[in-house]
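Take a look at the structure set out below.
Since every read-out is calculated from the coordinates, none of them should be taken as a lab result. Since the structure is predicted, the reported quantities are computational estimates derived from the model, not experimental observations. Cβ coordinates were reconstructed from backbone atoms using ideal geometry, including for glycine residues, and neighbour counts include every protein chain displayed.
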């Protein structure tokens, strides 16, 4: 995260549910990084407060 803050709601894929646990929330602040495969993990995001979020995403094979 470059600027702002973002709330990530993460839910594991069905095949991992019992090992990974129930859905959970993560707040990513400036200077922090979250790395996850969004093609596997279900997720939603919310920008918290009156802030602006700037993020960089990449896809790798």
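Observations on the structure shown:
- Chain lengthening between residue 25 and residue 11 when straightened (0.36 nm per residue, less Cα-Cα): 4.1 nm
- With Rh defined as the Kirkwood radius, the inverse of the mean 1/r over Cα pairs, the Rg/Rh of the range 6-47 is 0.98.
- As a proxy for reagent exposure, ranking 33, 48 by other Cβ atoms within 10 Å from fewest up yields 33, 48.
- Under the simplified labelling scheme, the residue 58-residue 41 pair shows an inter-label distance of 1.8 nm, with each label point 7 Å from Cα along Cα→Cβ.
- Structure-based [θ]222 nm, the chain - -39500 (n - 2.57) summed over DSSP H runs of at least 4, per residue, nearest 500: -1000 deg cm²/dmol
- Whole-Å distance, taken between Cα centres, linking the range 32-47 and the range 7-29: 9
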